[in-house]
Structures are given as C-alpha cells and as structure tokens.
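Take a look at the structure set out below.
The values are calculated or read from the model by the stated rules, or taken from the named source; none is laboratory data. Computed from a prediction, not measured in an experiment: that's the story for all the values here. Every residue, glycine among them, receives a Cβ derived from its backbone with ideal geometry; neighbour counts consider all protein chains shown.
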Amino acid sequence: MSKPVVYLTRLIPDAGLDLLVKAGFSLRINQKARGLSAEELTQAAAGADAVISQLADPINSAVLEAWAPKCKVVATCAVGYDNIDVKAAAKLGMTVTNTPDVLTHATADLTWALLLATARRLGEGERLVRAGAWRGWEMMQLMGADVFGQSLGLIGAGRIGQAVAKRASGFEMTVRYVARSEKPEMTAIGATRVDLDTLLTTSDFVSLHTALTPDTHHLLNAKAFDKLKPGAILINTARGSVVDQVEMIAALRDGRLAAAGLDVFDGEPAIPKELMEMDNVVMLPHIGSATVRTRTRMAEIAANNVIAVLTDKPPQTPVSVG
Ligand code: GLV
C-alpha cells in the first residue's frame, strides 16, 4: 500500500517533519519561497491525505472542495484560522486543527516588545543611530510616552489577552478589557471588564487580542478612533483586518492616534506607502509566535494532529465550528 501523503504549504521546523516521516507518511513541500494562491494550493495539494497549512494560505470552500474527499485534515500552524472556511471543511467531513496555547507567551511577549518600542520610539532611535545621524545626548531628543502607571485597554481577553494583562502588573498599569463575558482570571489580577466605548475613552494603550470574525472585522473604525483618549497608542498583534487601516492612517495623521505598534496588517504583506512614511509607527513582519521553541512546538502539534486524524484518533487541538 502506498504511503499517505501530507502536503505542506511552507516548510516547518524539523521536529514536525520528523514526526510525520516516523509515522510513515510521504511529504510534499511547497518549494517556492512564498505562499501560494488559492489556485496554486488547489493544484499543489491535489491527492494529498492531509495538508499542513499556514495562516496566510487562502483555504476557501473551492480549495477544500477540490481537496475532498481524499484530504481528511487541514492542520494550520497558527492559533487563528480566519483564512480557512471551517464551515465548508466540516460539511466536507474534513477536520481542521490549529495550534493554541503553545504560542500564548511568545505572542504576549511580542505585544509588550511592540508596546514598549512604540511608546519609547525605538524604531526612530535605531534608525537615527544606524544612519550615523546621532550627535550625542540631547535633552529634547526622542521623548516618548510613559508606560509605567498608565492604563491598558485590551480588546479580547482570551489566552493571549490574559497573558498580556498579567505582564502589565509589573508596570503597575490599570487594566481594562472588553470581552463577551467576565473573565475570573482577569478579575483575579485586578482587571476590569468594560464596554468598548469606556475602554476607548480611558486607555493610554489599546491592544487587540481578538480573533478576526465578521463581528470584529474593522471593529476599530473612524468612530472608534474619534473616541480615543488624547495621546492614545494602538498595538495590534491580532489580525490587521480588525482595524480599518485607512481610518487608522487618517487617525495617525491627524493625531487622534499618537502612535501604533503593528505586527499585522490588512492585506499583508502589502503595507500602504503612508504607513511606511510615518515615524510614529513601529512595524513588524507578523512574528508574534516566532521563537524557536514556540515554532517548534507549533510544528509538532500540527504534525501530531495530522497523525491522529490519519490513524483514526481524535486530534489534540481541533477547531470547533461555531
Ligand atoms: C498568529 O497570528 C497566529 O494566529 O498563530
């Protein structure tokens, strides 16, 4: 009998590949140094028994229909799965899995890195030094915003939001959050659940930790930016489309938003020219989970999920279809 085939839309760390090979699967890996379009994915994974995918892969219903019925599982190496039509997958009898939990702390750490970098203008400082333009200590140079003792507003209080909130206690911040329900973990650390308007009008830092769904698409729009506290800073390590990027750029330009720290973008990897030219924006290439240990664990979980489904066992981290 021929070996089951696993198609990988991009390379993953060796630990994941090793598990798949040991389990007796044959691997096909996208060799292009970029992600594939829906049409390319349809062709490339045709005939595969499982697909290990990544968060930018456009796995829509047409792609899934083309992969079915041979393909039993799509295992994404990410916690977010807004790029996969999970309802269509369920209808086709395909399992979808993700990699929650293991990336919580790496992503919370990166949120803090971005928050501090944005508040204290690290990007501008680094560019100045590298350009050889630093003329020595100056009283008036690169004055940023305080973090210690300020207020932090979290939109979304799941695993990552909670981990970000816990780190805020060292900075003695007032933490407020927006979530569908009260979170005992947040109450325990002194964070208060508020409505979105209260969060927007009271937060020095607004940080996004919600999944991208039809309800959260462009949640931060012109109306929301109008309500911000003067000097407010936005941090986004969730998904670019939770923010109306055009309106965010307008708010950054006219000062309703003092600065933004962004790990994600609407339509990434394309970045609007206006953002590129703004000094009050710190930008990263979607690296929230990018530590060696975390990415290794993500690869192992995705591989183990594939192994489970292809050997008729329950996967560790299935995505539930709401
Ligand atoms: C990263 O953005 C993820 O969803 O894992």
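For the condition touching a Leu at 6+ places or on another chain (Cβ under 9 Å), modelled with pLDDT of 95 or more and surrounded by fewer than 20 Cβ atoms within 10 Å (Cβ to Cβ), what is the one hit in Asn280, Asn236?
Asn280
Please tell me if Val164 is within 21 Å of Ala238 (Cβ to Cβ), part of a strand (DSSP E or B) and free of Cβ contacts under 8 Å to residues at least 60 places away in the same chain. Spelling it out, it is not the case that Val164 is within 21 Å of Ala238 (Cβ to Cβ), part of a strand (DSSP E or B) and free of Cβ contacts under 8 Å to residues at least 60 places away in the same chain. Name every residue in segment 181-194 that is surrounded by 11 or more Cβ atoms within 10 Å (Cβ to Cβ) and in a loop (DSSP other than H, G, I, E, B), in order of residue number. Residues satisfying the conditions are Glu182, Lys183, Ile189, Gly190, Ala191, Val194. Every condition in (1) within 23 Å of Ala308 (Cβ to Cβ); (2) more than 22 Å from the chain's Cα centre (by Cα) is met by Lys32 except one, and the failing one is (1).
Screening Leu208 with (1) within 27 Å of Leu55 (Cα to Cα); (2) in contact with a Phe, Trp or Tyr (Cβ under 6 Å, 6 or more places away or on another chain) gives one miss only, at (2).
In segment 87-110, the residues that are more than 10 Å from Ser289 (Cβ to Cβ) and in the same structural domain as Val63 (by TED's automatic domain parsing) form Cβ pairs under 6 Å with partners that are of a type in the set (Phe, Trp, Tyr) and within 16 Å of the ligand (Cβ to nearest atom), at six or more places apart or across chains, as follows: Asn98/Tyr81.
Among what's in segment 52-107 and is among the hydrophobic types (A, V, I, L, M, F, W, C) and in contact with a His (Cβ under 9 Å, 6 or more places away or on another chain), pick the residue that is farthest from Ala38 (Cα to Cα). Among those residues, the one meeting the criterion is Leu55. Looking at Ser61, Ser26, Ser2, just one residue is modelled with pLDDT under 95, surrounded by fewer than 18 Cβ atoms within 10 Å (Cβ to Cβ), of a type in the set (Ser, Thr, Tyr) and on the phi < 0 side of the Ramachandran plot, and that residue is Ser2.
For segment 148-156, the count of residues that are at pLDDT 95 or above, within 16 Å of the ligand (Cβ to nearest atom) and under 24 Å from Pro214 (Cα atoms) is at least one.
Matching residues to (1) closer than 21 Å to Ile287 by Cβ; (2) among the basic types (Lys, Arg); (3) in contact with a Pro (Cβ under 9 Å, 6 or more places away or on another chain):
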residue	(1), (2), (3)
Pro4	no, no, no
Leu8	yes, no, no
Leu19	no, no, no
Ala23	no, no, yes
Ala46	no, no, no
Ser61	no, no, no
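None of Ala188, Ala211, Ala222, Ala165 is touching a helix residue (DSSP H, G or I) at 6+ places or on another chain (Cβ under 8 Å) and over 19 Å from Ala117 (Cα atoms) except Ala222.
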